[in-house]
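Trainee: Here it is, the structure, as structure tokens.
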Amino acid sequence: MQEQYDFRTIESKWQKRWEENREFAVAENRNQPKYYVLEMLPYPSGALHLGHVRNYSLGDSIARFRSMQGFNVLHPIGWDAFGLPAENAAIRHQVPPKTWTLKNIEQMKQQCRRMGWSYDWHRELATCTPEYYRWNQWFFLRMYEKGLAYRSRGSVNWCEECQTVLANEQVVNGLCWRCPSPVVQKEQEQWNFRITDYAEQLLQDLDQLEDWPERVITMQRNWIGKSVGARVRFRLGGPSGEGIDIFTTRLDTICGATFMVLAPEHPMVKAWLGDDSDGRRLKALLEQVRRQDRSHRTADDAEKLGAFTGRYAWNPFRGEMIPIWVANFVLMDYGTGAIMAVPAHDQRDFEFARKYGLPVRTVIEPVEGTPSAPPDQAFVDPGRLVDSGLFSGLTSGEAKRKMAEYAARKGFGEATVSYRLRDWGVSRQRYWGTPIPIVYCSRCGTVPVPEDQLPVVLPRMEGSDLGRSPLAQVPDFVRTICPCCGGPARRETDTMDTFVDSSWYFYRYTDARNSEEAIRRDAVRYWFPVDIYIGGVEHAILHLIYMRFFTKVMRDLGIVELDEPVRTLFTQGMVIKDGAKMSKSLGNVVAPDEIVQKYGADTLRLFIQFCAPPARDLDWNDRGLEGCWRFLGRLWRLLYRYRSDWPGDGMPVAGEASAESSPRARILQRKLHQTIRKVTSDLERLHQNTAVAAIMELLNSVQEYVDHGQPDRELLHETLTKIALLLAPFAPHFAEEMYSILGHRHGIASASWPRHDPDLAREETVEFAVQVNGRVRSRIQAPADVASDKMEELALADERIRGHIEGRNVLKVIVIPKRLVNVVAR
RNA sequence: GCCCGGAUGGCGGAAUUGGCAGACGCACAGGACUUAAAAUCCUGAGGAGGUUCACCUCCGUGUGGGUUCGAAUCCCACUCCGGGCACCA
């Protein structure tokens, strides 16, 4: 063996060998328990960053650990390869997005290989290939058949920078989630997925996600935003006029409604924009509201703006006419876009009423205590009804139920629920995405592309042709034949949101090359659910809700048999630098390539897992790298120093050492078995940082052992062999080389995870602390099986303790077996 | 405003169930090796004080209180940092 630790030679040697041996290629094997390790697939930007390194190194340590434990581990990788950056880069550099993307994938793949991650490359997929996206189209058609994909015209979120529509989930604080520039509202026709049909299930099944972080669950719950209430029809002009539905969660307050408010976008409002004074007033308001973007309009401190419509509506509960207003604080896309306003019991209504001088009528009083005389804010708590006709005297809870029944009986309302979740707008007016497989025919209307004509292939386009709705500029693409009547027709030119691609890719991995069907049910049955899914928390309500939705749709289509696809979700902390997210604009980007060049992949992998617990943000500081580099160097020098002791070719590998020989040997052997126990349990609970620390401690113990006399060769060999095994999930190349130097002839990747022997791990003596009144005053050595009363006896006999309790009364002695004695003395 | 997370040496962090705070690593200091440096190896270290040091005392896990024989850990109030939600009727 070489005297120097030459990571370059070692790492490329093993990477090549793993590849030649198809080391990480797996197949379904019903006789072996499976384990599916999934990491969120990367966008192929062209350069691996430290966030990727952290994410994928964690996943890899889990995959290798579980595989050595005997699981059949599926550990795949792919590329989230559609999307705007490719298009923007193409425009900038005048290359087709496809060329740019494929080149990036190639580059990143090389970087992944250099990191030594144990992917089954035979299952690699890129979402931009027709072999993949044809199945997006296929899902789209299945959903279209079921009425889950539909086209609508309405106000949509539009990003001017990206020149495309965004789904609600993709608007973050009024800004585009990607660029981020302001999002404006725009009338547009677009395709949607009916995710709202699944709102209740998406909410209910959150309870099944026992091993998901609480905050992700909470974010999803808030996003779905279920509220239980009632719908009530108010009629224009009187008891028999045209109906306007309102939604309320406080039906009990309905007799306190003193006016109604419609959203500016409410369809009823359009009819009232005439040339009379009412119409002019409304037009002026609409103009004012239009100038506010949505985030501004919904900000907490935004001023309430409204205008009277000149119309009145009939409150069926009270039998009276109330004025109808239009105001910015009512949103068209929640509830029915119209509310009853109860200023006495709703803070927003109260503020609005005060601003415009509208009446306030109290209908709820506190169950106990007296109502505050001149209210300067709304009383929003539940209470007892007053001035509410038949319902006066009831509590809020009773009243809600009885009033809903009453409304249903009388036919002007019913109990209902409302969700904040909106349907998923999937049309994108861009080129680099999956073409939506729909054809428009002047005779037959909207016609789905027949399945046997899939995929609808994206035509090749140059960077210079891209821009606004690019596909509409390609006549050969647009012009087509109607699958129904054979007449001339035109294709849909929108492409799909790239979140469609990532909503089901992890199913595709189970049979990635299947050209007959999107997903083979048997394969999913074997590999699913995903045992652990690792990624950043930034997808808590984007990808992670779309993915759950797709699973439920696929289940209802009979494709899979699960409610939820992922058992454990692990949200990884971000890698930051100097307290800020790494970004080109801040100039604080650290390139993994340079670190790999200088120290090798193993050192980087070891360090990034060692320096912080995986869930926490990691403030990168490369000084600490030296520590891991030195650790591997020390281990190498130890191997080299005793190189003549390792069994060579044809010689038998030493068996288990019998450490009868010396107390020092027993100490080392005990430490070894304790370390195996600790590393195993740390990996099971994802504490990679302390697992690495434990291996470092073990090496320190070995070093101490060999520095104080002639080592037992068998014990040394056994210990180093197990260090190699423990190290394999973190520094796999080093571990392989070490294992082979120690004379093992099969690879370490397929070796078995070591087991600890509880008898050998057991301490022979314990040192327990003795406290007087909670302060440690002495430490005592005792046999490991020391009894509690013996501990007490030893403690009270201890000289230092005697000094401390002299002249006091011992009131109590608390003994924690094998750990501590506390003498309470006053 | 509401909800969630976090705060531990000079730094990253450890402490699995309320039981010896500071594992492991970095940086630092001293020493060995060397012509010298790098690399490597050894040793030291939370802070303050006393004894003249290898023993002892006090303080110490963001702040202030509390529960307990005992609190980094549990409870209450607060400060700061990070994240999410925020006119949702």
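Trainee: What's the number of the condition A:Arg555 fails, among (1) more than 19 Å from A:Asn136 (Cβ to Cβ); (2) without any contact (Cβ under 8 Å) to a residue 40 or more places away in the chain?
Mentor: With (1) more than 19 Å from A:Asn136 (Cβ to Cβ); (2) without any contact (Cβ under 8 Å) to a residue 40 or more places away in the chain applied to A:Arg555, the lone miss is (1).
Trainee: Could you please find all residues in the range A:756-800 being of a type in the set (Lys, Arg) and either within 11 Å of RNA strand B (Cβ to nearest atom) or in contact with a Ser or Thr (Cβ under 8 Å, 6 or more places away or on another chain) (or both)?
Mentor: A:Arg775, A:Arg777, A:Arg779, A:Arg800
Trainee: Scan (1) more than 30 Å from A:Gly486 (Cα to Cα); (2) in a loop (DSSP other than H, G, I, E, B) for the single condition A:Tyr406 breaks and write down its number.
Mentor: (2)
Trainee: Is there a residue in the range A:449-468 that is without any contact (Cβ under 8 Å) to a residue 24 or more places away in the chain, small (Gly, Ala, Ser) and either surrounded by fewer than 19 Cβ atoms within 10 Å (Cβ to Cβ) or not in a helix (DSSP H, G or I) (or both)?
Mentor: no
Trainee: Taking the range A:208-249 as the search range and keeping residues that are in contact with a Pro (Cβ under 9 Å, 6 or more places away or on another chain) and not aromatic (Phe, Trp, Tyr), which one is modelled with the lowest pLDDT?
Mentor: A:Pro239
Trainee: Same structure again: Tell me yes or no: at least one residue of the range A:648-669 is at negative phi, at pLDDT 95 or above and more than 10 Å from RNA strand B (Cβ to nearest atom).
Mentor: no
Trainee: Tell me which residues, restricted to the range A:192-218, are within 14 Å of the chain's Cα centre (by Cα) and not in a helix (DSSP H, G or I).
Mentor: If the condition is that a residue be within 14 Å of the chain's Cα centre (by Cα) and not in a helix (DSSP H, G or I), then A:Leu209, A:Asp211, A:Trp212, A:Pro213 are the ones that fit.
Trainee: Restricting attention to the range A:219-240, which residues are in a helix (DSSP H, G or I) and near RNA strand B (Cβ under 9 Å from one of its atoms)?
Mentor: Answer for the range A:219-240, where residues must be in a helix (DSSP H, G or I) and near RNA strand B (Cβ under 9 Å from one of its atoms): A:Met219, A:Asn222, A:Trp223.
Trainee: Name the helices (runs of 4 or more DSSP H) wholly within the range A:713-826 that hold at least 2 residues that are hydroxyl-bearing (Ser, Thr, Tyr) and surrounded by 12 or more Cβ atoms within 10 Å (Cβ to Cβ)?
Mentor: In the range A:713-826, the matching helices (runs of 4 or more DSSP H) lie at A:713-727, A:732-741.
Trainee: For the range A:326-351, give me the residue count where each residue is within 8 Å of RNA strand B (Cβ to nearest atom) and not in a strand (DSSP E or B).
Mentor: Matching residues across the range A:326-351 total 16.
Trainee: Going through the range A:20-43 one residue at a time, which ones are touching a helix residue (DSSP H, G or I) at 6+ places or on another chain (Cβ under 8 Å) and of a type in the set (Asp, Glu)?
Mentor: A:Glu23, A:Glu28, A:Glu39
Trainee: Let me ask another. Within the range A:53-97, take every residue that is out of contact with any helix residue (DSSP H, G or I) (no Cβ under 8 Å at 6 or more places or on another chain), in contact (Cβ under 8 Å) with a residue 12 or more places away in the chain and in a helix (DSSP H, G or I) and give me the one that is farthest from A:Lys581 (Cα to Cα). Walk me through how you get there before you give the answer.
Mentor: Residues of the range A:53-97 that are out of contact with any helix residue (DSSP H, G or I) (no Cβ under 8 Å at 6 or more places or on another chain), as a first pass: A:55, A:59, A:63, A:66-67, A:69-72, A:84-85, A:88.
Right, trim to in contact (Cβ under 8 Å) with a residue 12 or more places away in the chain and you get A:55, A:59, A:63, A:66-67, A:69-72, A:84-85.
Those left that are additionally in a helix (DSSP H, G or I): A:55, A:59, A:63, A:66-67, A:84-85.
Numbers: A:Asn55: 15, A:Gly59: 22, A:Ala63: 28, A:Arg66: 32, A:Ser67: 34, A:Leu84: 22, A:Pro85: 20 Å.
Restricting to residues being out of contact with any helix residue (DSSP H, G or I) (no Cβ under 8 Å at 6 or more places or on another chain), in contact (Cβ under 8 Å) with a residue 12 or more places away in the chain and in a helix (DSSP H, G or I), the top hit is A:Ser67.
Trainee: For the structure I just gave you, tell me whether A:Arg428 is within 27 Å of A:Arg479 (Cβ to Cβ), surrounded by 14 or more Cβ atoms within 10 Å (Cβ to Cβ), at pLDDT below 95 and among the basic types (Lys, Arg). First the steps, then the outcome.
Mentor: Details: within 27 Å of A:Arg479 (Cβ to Cβ): yes; surrounded by 14 or more Cβ atoms within 10 Å (Cβ to Cβ): yes; at pLDDT below 95: yes; among the basic types (Lys, Arg): yes.
In short, yes.
Trainee: While we're here: Got at least one residue in the range A:507-521 being in contact with a strand residue (DSSP E or B) (Cβ under 9 Å, 6 or more places away or on another chain) and of a type in the set (Ser, Thr, Tyr)?
Mentor: Yes, the range A:507-521 has at least one match.
Trainee: I would also like to ask the following. So, in the range A:689-712, exactly how many residues are assigned to a helix (DSSP H, G or I) and either in contact with a helix residue (DSSP H, G or I) (Cβ under 8 Å, 6 or more places away or on another chain) or buried (at least 24 other Cβ atoms within 10 Å of the Cβ) (or both)?
Mentor: Residues that pass the stated criteria total 16.
Trainee: Now, a different point. State whether the residues of the range A:499-510 include one that is touching a residue at least 24 places away in the same chain (Cβ under 8 Å) and surrounded by fewer than 18 Cβ atoms within 10 Å (Cβ to Cβ).
Mentor: Scanning the range A:499-510, I find no residue that is touching a residue at least 24 places away in the same chain (Cβ under 8 Å) and surrounded by fewer than 18 Cβ atoms within 10 Å (Cβ to Cβ), so the answer is no.
Trainee: Going by the structure shown, is A:Leu206 free of Cβ contacts under 8 Å to residues at least 40 places away in the same chain and among the hydrophobic types (A, V, I, L, M, F, W, C)?
Mentor: Spelling it out, A:Leu206 is indeed free of Cβ contacts under 8 Å to residues at least 40 places away in the same chain and among the hydrophobic types (A, V, I, L, M, F, W, C).
Trainee: Which one of A:Leu683, A:Leu726, A:Leu699 is more than 10 Å from RNA strand B (Cβ to nearest atom) and in contact with a Phe, Trp or Tyr (Cβ under 8 Å, 6 or more places away or on another chain)?
Mentor: None of the others qualify; the one that does is A:Leu683.
Trainee: Are any residues in the range A:409-437 under 25 Å from the mean Cα position of the chain (by Cα) and either in a helix (DSSP H, G or I) or more than 30 Å from A:Val456 (Cα to Cα) (or both), and if so, which ones?
Mentor: Hits for the range A:409-437 are A:Tyr419, A:Arg420, A:Leu421.
Trainee: Among the residues in the range A:803-810, are any without any contact (Cβ under 8 Å) to a residue 40 or more places away in the chain, more than 23 Å from A:Asp759 (Cα to Cα) and within 10 Å of RNA strand B (Cβ to nearest atom)?
Mentor: yes
Trainee: Now a separate question. Any residue in the range A:8-20 that is farther than 12 Å from A:Met115 by Cα sitting within a Cβ distance under 9 Å of a residue that is of a type in the set (A, V, I, L, M, F, W, C)? List the pairs, counting only those 6 or more apart or interchain.
Mentor: If the second residue must be of a type in the set (A, V, I, L, M, F, W, C), the pairs left are A:Ile10/A:Phe734; A:Trp18/A:Phe24; A:Trp18/A:Ala749; A:Glu19/A:Trp121.
Trainee: Could you list, in sequence order, all residues of the range A:173-202 that are crowded, with 16+ Cβ neighbours inside 10 Å and without any contact (Cβ under 8 Å) to a residue 24 or more places away in the chain?
Mentor: Hit for the range A:173-202 is A:Cys176, nothing else.
Trainee: Mind listing whichever residues of the range A:570-617 are among the small types (Gly, Ala, Ser), outside any loop (DSSP other than H, G, I, E, B) and within 25 Å of A:Ala540 (Cα to Cα)?
Mentor: If the condition is that a residue be among the small types (Gly, Ala, Ser), outside any loop (DSSP other than H, G, I, E, B) and within 25 Å of A:Ala540 (Cα to Cα), then A:Ala580 is the only one that fits.
Rundown of residues vs (1) over 30 Å from A:Glu160 (Cβ atoms); (2) modelled with pLDDT of 95 or more; (3) in contact with a Pro (Cβ under 8 Å, 6 or more places away or on another chain), yes/no style:
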site	(1), (2), (3)
A:Gly83	no, no, no
A:Asn88	no, no, no
A:His93	no, no, no
A:Pro96	no, no, no
A:Asp120	yes, yes, yes
A:Trp135	yes, yes, no
A:Arg142	yes, yes, no
A:Ala149	no, yes, no
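Trainee: List every residue pair whose Cβ atoms lie under 7 Å apart, where the two residues are 6 or more positions apart in sequence or sit on different chains, the first residue falls within the range A:599-627 and is over 16 Å from A:Pro729 (Cβ atoms) and touching a residue at least 12 places away in the same chain (Cβ under 8 Å), and the second residue, located anywhere, is of a type in the set (Phe, Trp, Tyr) and within 9 Å of RNA strand B (Cβ to nearest atom).
Mentor: Here the result reads A:Tyr599/A:Trp629; A:Gly624/A:Phe607; A:Leu625/A:Phe607, each pair linking the range A:599-627 to a residue that is of a type in the set (Phe, Trp, Tyr) and within 9 Å of RNA strand B (Cβ to nearest atom).
Trainee: Ok, one more. Taking A:Ala302 and the conditions (1) of a type in the set (A, V, I, L, M); (2) in a loop (DSSP other than H, G, I, E, B); (3) at pLDDT 90 or above, which numbered condition does it fall short on, given that it satisfies the others?
Mentor: (3) is the only condition that A:Ala302 fails.
Trainee: When you check A:Pro375 against the structure, is it surrounded by 13 or more Cβ atoms within 10 Å (Cβ to Cβ), modelled with pLDDT of 95 or more and at negative phi, yes or no?
Mentor: It is false that A:Pro375 is surrounded by 13 or more Cβ atoms within 10 Å (Cβ to Cβ), modelled with pLDDT of 95 or more and at negative phi.
The values are calculated or read from the model by the stated rules, or taken from the named source; none is laboratory data. Just so we're clear, the structure is a prediction, and the values are computed from it rather than from any experiment. Here the Cβ is made from the backbone with ideal geometry for all residues, glycine too, and neighbour counts use every protein chain on show.
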